[in-house]
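Data first, discussion second: the structure below is written as structure tokens.
The values are calculated or read from the model by the stated rules, or taken from the named source; none is laboratory data. Just so you know, these numbers come straight off a predicted model, no measurement behind them. Positions of Cβ are generated from backbone atoms using ideal geometry, with glycine treated the same way; all protein chains shown enter the neighbour counts. Only protein heavy atoms, including side chains, enter the accessible area calculation; ligands, DNA and RNA are left aside. Shrake-Rupley method; radii C 1.70, N 1.55, O 1.52, S 1.80 Å.
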Amino acid sequence: QLQLVESGGGLVQPGGSLRLSCVVSGFDLNYYSIGWFRQAPGKEREGVSCITNGGSPMYRDSVKGRFTISRDNAKNTVYLQMDSLKPEDTAVYYCAAVAASRTYYCGEYKVDGMEYWGEGTPVTVSS
């Protein structure tokens, strides 16, 4: 029923681009905010970006101007366009959903506040 599936990760050189996709099923995307999180080896999971059910985007400072989050509710999909990638962007990237009434947890990147999680897609930025 409730499911999020990420795709689009891979190996890319510094300065390159990737577009991640998060396809959701089992719930109405119109009533949920969606966040992208990442976790590098040996580090805590951290918030990267969030988009509200109304389409308002948010980004952590380190990715502003490089990443763009968007959503296509008709396709039940949220995207993360990643440009000008840096080695420090290397991590497993996860999408997660939370009800619109609790968007605060997404906008503040509260990992334990998100309700549903995908299994992640790895991104490696290396020459």
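List the cysteines in the chain whose Cβ has no other cysteine Cβ under 4.7 Å from it.
If one checks each Cβ against the other cysteines of the chain, every cysteine finds a neighbour under 4.7 Å.
Would you kindly compute the Cα radius of gyration of the chain and its largest Cα-Cα separation (Dmax), both in Å?
13.4, 42
Determine the dipole magnitude for the chain: charges of +1 sit on the beta-carbon of Lys and Arg, -1 on that of Asp and Glu, nothing else is charged, the reference point is the Cα centre, and the result goes in debye to the nearest 20.
200 debye
At 1.4 Å probe size, with every protein chain present, just tell me what the per residue accessible area of segment 44-93 comes to in Å².
Dividing the accessible area of segment 44-93 by its residue count gives 47 Å².
Over the Cα atoms of segment 35-96, what is the Rg over Rh ratio if Rh follows Kirkwood?
Rounded to two decimals, Rg over Rh is 0.97.
Run the accessible area of the chain with a 1.4 Å probe and give the carbon-and-sulfur part as a rounded percent.
Carbon with sulfur: 45 percent of the solvent-accessible area.
Just subtract the alpha-carbon distance of ASP112 and GLN13 from 0.36 nm times their residue separation and send over the number in nm, one decimal.
32.4 nm
When we measure straight from the Cα of LYS75, which aspartates and glutamates land under 13 angstrom away, once same-chain ones fewer than 8 places off are left out?
Correct list for LYS75: ASP28.
Once you charge only the Cβ atoms, +1 for Lys and Arg and -1 for Asp and Glu, what is the size of the charge dipole of segment 65-123 about its Cα centre, to the nearest 20 debye?
Magnitude of the dipole: close to 160 debye.
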